[in-house]
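Below is one structure, written out as structure tokens, with a few remarks after it.
The values are calculated or read from the model by the stated rules, or taken from the named source; none is laboratory data. This is a predicted model, so every value here is computed, not measured. Cβ sites come from the backbone with ideal geometry, for glycine too, and all protein chains shown count toward neighbours. Side chains included, ligands, DNA and RNA excluded: accessible areas come from the protein's heavy atoms. Shrake-Rupley method; radii C 1.70, N 1.55, O 1.52, S 1.80 Å.
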Amino acid sequence: MNNSETPDYYLEQEKPINLQDLWVKFLRRRKLFFIFAIPVFLGILIFRLSRPYTAIYLSSFDLGVAENRAVEGFFTGISETPTVQIGTVTQRLIANLLSVKIAEQVVDTLKLYAFLKEGNTDLQLGIQLKSNFEQPLGPYQLKITENGFGLKLDGEVIQRNYGEFINLGPLEFTIPQEQNLILGRSYSITFYPRSKMALALRNSISVKVLEADKVERAGDRSGVPISGEGATKKMVSAKTIFPGMNILGILRIELYWGNREQALRIARALSEILVKENIQEKSLQFVQSREFIESQLAFYQKRLNELEEQIKNFKEVKKIADLKASTQALINQVSTLETRKNQLEIEEKILNDINKYLLSDTLNQEAPVNIATAMISDQGIQQLYAQLVQADAELKGILKEYSTKHPKYAELKAKYDGFKEQLKDEIAKRVSTIKTDIQGVTNQIRNLQLKLENIPSDEISLARLERDRETAEKLYTFFSEKLEETRVQEAGVTSDIKLINPPFVSGSPVNPRRGLLTLFLSVFFAILVGTAVVFVAEYFDNTVKDPNTIKDKLNLAVYGTIPGLLENDKRNLKPELSFDYLKKSLQLFLGFNSGDHKTSQLKVVSDRSSAEFEAFRKLAVHLEFAHPEKEYKTIYVTSSGPEEGKTFVSLNLGYVFATKGKKTLLIDTDFRKKRGMLTHITRLKKEKGIFDVLKEEIELQDAIIPFSDIANIEGEEVKNKMEFPDNMPLFLLPIGNVPANPFIFLESEKMRQILEKLKSQYDYVLIDGLPILLFADATYLARYCDGVLLTTMYNKTSLKELENSKEILSSARADIVGVVINGAPLKSGSYYYHYYYKYYSKYYKESK
């Protein structure tokens, strides 16, 4: 199958990645890589090393929780591993840490209102908060002096002795003398509101719930060389936890703070407050009962005093000493029954309050209702109420971590609702019983009061007073006993959490600057950005760089690759920062060539040991033997645009043909140029040429000049004197005097006849033509020739321009022999470096 019949899918299939090609592309644009990589490297390095840095220290302590227990869920019975749920105490402890309440207590305890910008300083301040404020105060400049300290406030310096306060409105502060102070030291101090400091403290705390088989060591090493502390990380090893097994939950509280000493003080205060808070929460039920009993005790004590005073006054006025024994006995019976009735009514009221509490949305309440459960005689109801309050706290705690759709919440909510319904049933039964008892006691009191009606009126009044006093006294005694009982129960409350690992603080910051990491990140991102820019530029660059691209995309044969002579030309190359330098850098970034190919185009390659001469010799060989069936004698040398090396290739190709003994003629038809064309660079003394021949003003043979008669070859900036042998068969037909309508002459039959005549007289006729894309009429002259040689400039001619040139020549039915890539760099990273330098130069040196 020939190339024309190759299916599209085969032509468009992806080629395997060639690492050598990628490396060549990278080296080709290594300057661009460093242009972007170095600023990125320095930028990241400077940014990370110059940004504000505050050393953060870690202070932690461990709390043992004695109430972690297995929760019986729906799937507990069929699960091989029991479901272990964090207990109520742990949930409430985590909930307290997640709230700001505990943090506010720590802030108030340690007076954490001041922030010193210098960070880890040992300066201690005495602060008294007079009122809350919302916005920070400061920053102020604080300076330590010999006799005290000074604060710059509103442009004035306020001086105080040690121990004296400076009033700032919402607060006042001082510096105690009992500390080591550095005289002359200045600090930038800012006072933050209580709420903001509490929020900052809360956000600096983390909680880890440790399982028994996952407890690892925490903190720094001791540094003792004979210890085995580095041999193991685990402190506790445990097997699978089985149902019913008592376990000890461990909470590790970690605090991150910017002051090492202050972090340790905060951790100590936090551990103490957490234990106290747990005791207060656990004794809340007893505190509620005690407060209620104390209020009732105060009421009946006052009532008893009032009744005793009334009885005394009544006896003095009525001249009555004491009641009869029978009357006193009736009064004692009535007071006992009334005391019993009052107790039942109090218990009924408390049960009704509990019932209201059950009917309300308890989860949305910030605190439980103040209910004196100690006044309830039914121990079952007391226990159910305690379990309900515990489940309520557990649900509030779990809502801090999970949503209402989480399985743990659903399981605990079912347990809470069960306690609630069970308590409602028990309260309904107990209230019914109390009402029956109250009715019976009321009937007994009514019967006894009927017996007192036969007593004289004065004795009846005194009897009623004595009855009320007796009742008040018994109730006072009852509440006194309950108060002592409740106090004993409250005093017996112990904490469910225990400090098993006291607070400690890390010796070094947990956020070191990590210079090696910064250096690694800088290098990594610099390489990443530089490489990305290189391959993006390579992706969008569609200029000619290697022959494979031309072969694959345009199906054109590359007959020669001419190395650029500018690489070895060091004259007039002075590095300077100018507009041209910036322009070249921008062109390099965009993937375009800098345009310095003119010097290379004005030279004749005469050194037969050079890679350039070898490149032209290979081009000549290809033209001779590429198509044995067709002989290319007249060759039209053209390009897509200007300054792509047509004249340079024509001149040196003709020179190489001549060195092989081939009689070669160069025809200059590039009339658009004022300088740089063949006629100009040979500095001819005669002014007649091809146009004069076409105008029949001179004979053809009279216009042709041998190169041996030419004194030198001159460029625009470089003059390189060359001597040609007398017998070199290289000739030039200059351009001559250009008429007003040159295309008419070049497209004429006369021009075709001249070419046919020259073809019979010379081995090769090379025509330095016009750019295809600039002058459409150039195709007429190309059609008269045996073949067209397209020259391209490395890193300048785009593939699109080359494709358009091919289409124009093909439409004109011109025979495109092949493509010549001009100006290929002989430097590391280029496609041609590996071929010419690595192989040819080595071979030539060895052979020489």
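A few notes on this one:
- Count of residues meeting criterion [charged (D, E, K, R) and at pLDDT below 75] in region 198-215: 3
- Within region 729-754, the set of residues being assigned to a helix (DSSP H, G or I), open to solvent by less than 40 Å² (accessible area, probe 1.4 Å) and farther than 14 Å from Ala703 by Cα comprises Pro742, Leu746, Met751.
- Leading residue by the ranking (modelled with the highest pLDDT) among those in region 791-848 that are more than 51 Å from the chain's Cα centre (by Cα) and basic (Lys, Arg): Lys806
- Of everything in region 104-113 that is buried (at least 21 other Cβ atoms within 10 Å of the Cβ) and hydrophobic (A, V, I, L, M, F, W, C), the residue that is modelled with the lowest pLDDT is Leu112.
- Residue within region 22-39 that is in a loop (DSSP other than H, G, I, E, B) and open to solvent by 40 Å² or more (accessible area, probe 1.4 Å) present: no
- None of Val604, Val649, Val637 is touching a strand residue (DSSP E or B) at 6+ places or on another chain (Cβ under 8 Å) and modelled with pLDDT under 85 except Val604.
- Of the residues in region 688-698, at least one is modelled with pLDDT under 85, surrounded by fewer than 24 Cβ atoms within 10 Å (Cβ to Cβ) and either small (Gly, Ala, Ser) or outside any strand (DSSP E or B) (or both).
- Looking only at region 674-685, and only at residues there that are closer than 19 Å to Thr647 by Cβ and of a type in the set (Lys, Arg), the one that is modelled with the lowest pLDDT: Arg683
- Taking the criterion of being closer than 21 Å to Ile705 by Cβ, among the small types (Gly, Ala, Ser) and not in a helix (DSSP H, G or I), the only residue of region 755-784 that qualifies is Gly769.
- Of all the listed residues (Gly169, Gly126), the sole one being on the phi > 0 side of the Ramachandran plot and either surrounded by fewer than 18 Cβ atoms within 10 Å (Cβ to Cβ) or in contact (Cβ under 8 Å) with a residue 60 or more places away in the chain (or both) is Gly169.
- Subset tally (residues that are in a helix (DSSP H, G or I), modelled with pLDDT under 85 and of a type outside the set (Gly, Ala, Ser)) for region 536-555: 11
- Subset of region 166-190 (residues that are of a type outside the set (Ser, Thr, Tyr) and either assigned to a strand (DSSP E or B) or within 17 Å of Lys152 (Cβ to Cβ) (or both)): Ile166, Asn167, Leu168, Gly169, Leu171, Glu172, Phe173, Ile175, Gly184, Arg185, Ile189
- When Pro503, Pro512 are screened for being in contact with a Phe, Trp or Tyr (Cβ under 6 Å, 6 or more places away or on another chain) and not in a helix (DSSP H, G or I), only Pro503 passes.
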